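Step one of this worksheet: look at the structure below.
The values are calculated or read from the model by the stated rules, or taken from the named source; none is laboratory data. A quick note: this is a predicted structure, and the numbers were derived from the prediction, not measured. Ideal geometry is used to build each Cβ from the backbone, glycine not excepted, and the neighbour counts take in all protein chains shown.
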Amino acid sequence: MPKKPARNWTWSRPDRNRSSFTCPEGLLNKIYGRYASRIRWVSAAILLAWTGLILRLFTIQIVHGAEYRQLGLRQSQKKQILRAQRGNIYDRKGVPLTANVGHYALAADPGLIDDPEDLAQQLATLLPLEEQSLRKKLSLPRRFVYLDRNCPPDIYRTLARNKPFGLILEKATQRIYPHGPVASQVVGFTNIDDHGVTGLEKHFDTLLRGTPGWEILERNGRGVLRPSVDYPRKPPRPGRDLYLTLDVDYQSILQEELERRVHETEAKSGMGLILDPRTGYILAMASVPGFDPAHVTDYDVENQKLRPVTDQFEPGSTFKIVTLIAALDQGTVDWNTEFNCEYGAYEVDNIRITDHEEYGLLTVPQIIEHSSNVGTIKIAETLGERTLYEYARDLGFGAVTHIDFLGEARGTLRKPQEWSHVSLAEVSMGQEVGVTLLQLAMAYASIANGGYLLKPILVREVRTHTGDLLEEFPVEVIRKISTPEVMEQVVQILKRVVESGTGLEAGIEGWDVAGKTGTAQKYVAGGYSRTQFVSDFVGFLPADQPQILAAIAIDEPRYGYHWGGVAAAVAFRRIMERIIGMDDSITPSPKSLVSRPVKPGRQDQTQTPVVESPAPGILLSSMTIVPDPLRPVPDVRGMSLRKALLTLEAAGLEARFEGSGVVQWQSPAPGKRVEAGSVCRLELE
């Protein structure tokens, strides 16, 4: 074999400033040529990879930058809604009718729970919940699920000390009602999410709920959320507070006496309202049976209705004031006009209409005093259909009152062209019309205040949670009905109803009361029932300077108690006696300083009233009256000292008292006739 030529390698002394090895130029070219294609492919691949990476980065940061930033924020942060504190509702004296208390809820994020069965088993030992139900909720494909919306505080604190991963603990508030069933139909209630369901809670729900806030929470590597001072936060705005015209003391009295009278008369239900006729302020309003908002499911849904606003009924004789006002205002009758009442029977278009007694010739005041149907029809005949309709409409019947409450009924008042030949007679005595108790009360308020129909006011003010006034609802006159002179005549006639007519049971010793009874047959199965009635009464006092008005309706009392002067009038008297004994701001007018005669020995029971002759003096001849030197002792038991002293002074008696508080005992006994200036001893407690 030929001998390989020796390679010409040159070795030199190492130089610190250059490489110690020098490769021939030809060798480099040869090596590059051998690997050139590979180098180009690798370079192209690297360039392509860098290009793809740059394009991907461009897509992520520029094209979809906002989207990925939001995704990153969602993974590292969470926006949590902060619920606003619900505003409260107060009565006219600032007594709270609602309150918010601490409330705890237990929830979970099933996506963060590794072992739902184990966690369900642990929670079942603490909570009054079934393990199977908890396991099912913890296995749901959701990121949030409630486990217990009303977690007991002690269990909440136990879980908070060693909270399992994926469990969520919430603090909120729960609505409570300090007075239970008192005013529950007016106030209403909220659901578990703090949203109004009925009453004012629903009507003013948006105002009461306020505006929610929010805060950004930071999420760590294990998904646990925590607040951070570096993240923004917007505090919630608390809901507004409502201040009502309602008086919780009046409301309690109204509901107690309605329940008592419904029970005594074995009635189906009852309703009532109390208002100030000078302003239209509603002081109390309720229907029974009612409900307790703390135990809503224990009661019938019908019990949640505020019937004086939502339900209509045929009023009967309490509607006769429409006919009376219209005739006096139009001048078709006057105080002395007489009508033949046909001895209690009168035919209109072949329909026989009767009175409860056989009356002959009666004046206008006597017709209303004795509630004669025949006499009222004959007064209406002097007016005609159109005039009677217009006055009924002007008094607010057949139209909503625009009270701030949901579900108000309009009532029923058909136009004259829809009336039959007998409608004038029927409407004049309170049939063929449907009214709400609120409409009836506002019509009577127009009599008491001198002729002005007012808008009923239930919400007086709206304030912030710090007490700053935001909105005030002023007294609003809807229209003028008649002149004060006409209304004064009506008041005097209504006083006679209570003093010597069908409203005797509404009379209160030492007070001038004006009012009207109603006994309405219910329209059942195409005709008027002879066994089902609505007993109603509307009255106000003091008659000459009215400060308070009440309307009462008892639905289907037992026959014998069905008269308006029995079932409803008795409830009216009891309510008023308790209120004037409690509220010192209500005082008798100067004209009522002389005691009105009342039935001697009247018991607080339910007997049909019997008219007895008053005894203001001893009649010696037809020309001479000698005043009786004796006067009855008024009943001041249950009154405050100030009210008792004023009442005794008005009766011309002096007082001596012991103790403090309210009057528990008095001597001489109420009703005993004594000389003027006699001393009445009182014991207070």
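Checking the stated criteria, Arg573 turns out to be of a type in the set (Lys, Arg) and modelled with pLDDT of 95 or more. In the set (1) loosely packed, with under 10 Cβ neighbours inside 10 Å; (2) under 30 Å from Leu200 (Cβ atoms); (3) at pLDDT below 80; (4) not aromatic (Phe, Trp, Tyr), the condition left unmet by Gly94 is number (3). Of everything listed in (1) surrounded by fewer than 18 Cβ atoms within 10 Å (Cβ to Cβ); (2) of a type in the set (Ser, Thr, Tyr); (3) modelled with pLDDT of 95 or more, the single unmet condition for Thr466 is (3).
For segment 29-56, taking the residues that are surrounded by 10 or more Cβ atoms within 10 Å (Cβ to Cβ) and polar (S, T, N, Q), the one that is nearest to the chain's Cα centre (by Cα) is identified as Thr51.
Can you find, within segment 174-205, the residue that is farthest from Pro293 (Cα to Cα) among those that are without any contact (Cβ under 8 Å) to a residue 60 or more places away in the chain and more than 15 Å from the chain's Cα centre (by Cα)? Among them, the one singled out is Asp193. When Arg219, Arg233, Arg260, Arg237 are checked against the criterion of being within 27 Å of the chain's Cα centre (by Cα) and modelled with pLDDT under 95, a single residue qualifies: Arg237. Helices (runs of 4 or more DSSP H) fully within segment 148-216 that include at least 3 residues being of a type in the set (D, E, K, R): 153-161. In the set Gly539, Gly564, only one residue is part of a loop (DSSP other than H, G, I, E, B), within 30 Å of Met639 (Cβ to Cβ) and either in contact (Cβ under 8 Å) with a residue 12 or more places away in the chain or not assigned by TED's automatic domain parsing to the domain that holds Phe313 (or both); that residue is Gly564. Scanning segment 131-147 for residues that are assigned to a loop (DSSP other than H, G, I, E, B) and over 38 Å from the mean Cα position of the chain (by Cα) gives Ser139, Leu140, Pro141, Arg142, Arg143.
In segment 629-662, the residue that is nearest to Glu685 (Cα to Cα) out of those that are outside any loop (DSSP other than H, G, I, E, B) and of a type in the set (S, T, N, Q) is Ser640. Within segment 80-114, the residues that satisfy the criterion of being part of a strand (DSSP E or B), of a type outside the set (Gly, Ala, Ser), over 24 Å from Gln251 (Cα atoms) and in contact with a helix residue (DSSP H, G or I) (Cβ under 9 Å, 6 or more places away or on another chain) are Tyr104, Leu106.
Scanning segment 64-90 for residues that are touching a residue at least 12 places away in the same chain (Cβ under 8 Å) and farther than 11 Å from Asp241 by Cα yields Gln75, Ser76, Gln77, Lys78, Lys79, Gln80, Ile81, Leu82, Arg83, Ala84.
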